[in-house]
1. Under the rule of -39500 (n - 2.57) per DSSP H run of 4 or more residues, summed and divided by the residues of the chain, what mean residue ellipticity at 222 nm is obtained, to the nearest 500 deg cm²/dmol?
2. Provide the gained length on full extension for the span THR53 to GLN167, in nm with one decimal, where the gain is 0.36 nm per separating residue minus the Cα-Cα distance.
3. Which value, in debye to the nearest 20, describes the size of the charge dipole of the chain about its Cα centre when Lys and Arg Cβ atoms bear +1, Asp and Glu Cβ atoms bear -1, and nothing else is charged?
4. Please say if segment 148-198 is rounded, prolate or oblate, where rounded means a/c under 1.5 for a ≥ b ≥ c the square roots of the C-alpha gyration tensor eigenvalues, and otherwise the choice is prolate for a/b larger than b/c and oblate otherwise?
5. Round to a whole angstrom and tell me the spacing of the C-alpha centers of segment 141-198 and segment 58-118.
6. Among (i) 10, 39, 41, 10, 0; (ii) 9, 29, 37, 21, 5, 0; (iii) 9, 32, 30, 19, 8, 1, 0, which is the computed P(r) over Cα pairs in 10 Å bins from 0, in percent?
7. Could you give the size of the charge dipole of segment 61-164 about its Cα centre, using +1 on the Cβ of each K and R and -1 on the Cβ of each D and E, expressed in debye and rounded to the nearest 20?
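Taken together, the values in this text are just the output of simple stated rules run on the coordinates, not laboratory data. The shown structure was predicted, so the numbers you read here are calculated from the model rather than taken from an experiment. Don't worry about glycine lacking a Cβ; one is built from the backbone with ideal geometry, like all the others, and counts go over all protein chains shown.
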Amino acid sequence: MSRQESSKRGYKVKKDERFEIRIAGFGGQGIITIGRILGEAFSIYEGKNSVSTQSYGPESRGGACRSEVVVSDGEIHHPNVRKADLFIAFSQVALDTYIADLREGGILLLDPDSVKNVPDRDKYRLYEVPTMEIAHDIGGVKFQNSVALGALCPLIAHMIKESSLRQAISRNVPPETVETNMNAFQRGMNYGEKDRGT
């Protein structure tokens, strides 16, 4: 069901230029939630145009799942990802399926416990973050998405503020889990900053 140039600091997105994000893995990993949070953070708190789309298998958990976000300062005429600038892979199947659609020099964020084989890894800006391990340490797999968002934050800091992501997370998780999700986000951000060398 379907519903540049790279640099050490990340893509320098020109005015009206598209930035395309794909998140993929299995149902139950918070894939759809990550896309919703990113879309809301860009649109509501950063004042950019964004379009989010999702696709998933018939299984609510365990089936293939994908979420996409297209961001631009200008109009978005095509809502789907054509050549991703950023790809978050939560499973080997997801990486194998979509890696060809990540542009050379693009950001590839993955969980090394779930993704063991990355072909042509030197073609991408690769960041390996044990999102599942950190999430389990905090309280369970349901916090994996906030860990991933935290790790992503310093990688796209030129495009979006930390506060925008935090506000969007707070609006999209159950109220009783906000504090733990903020902890997960911070843990991911600390790891992302360390991995990036900042």
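1. One gets -9500 deg cm²/dmol as the mean residue ellipticity at 222 nm.
2. On the way: separation 114, 0.36 × 114 = 41.04 nm, distance 2.09 nm.
Net length gain for the segment: 39.0 nm.
3. Details: 26 positive and 26 negative charges, 61 e Å.
Approximately 300 debye in magnitude.
4. Working: a/c = 3.46, a/b = 1.63, b/c = 2.13.
Here segment 148-198 falls in the oblate category.
5. So the two Cα centres are separated by 18 Å.
6. Among (i) 10, 39, 41, 10, 0; (ii) 9, 29, 37, 21, 5, 0; (iii) 9, 32, 30, 19, 8, 1, 0, the one calculated here is (i).
7. Details: 11 positive and 15 negative charges, 34 e Å.
Using Cβ point charges on Lys, Arg, Asp and Glu, segment 61-164 gives about 160 debye.
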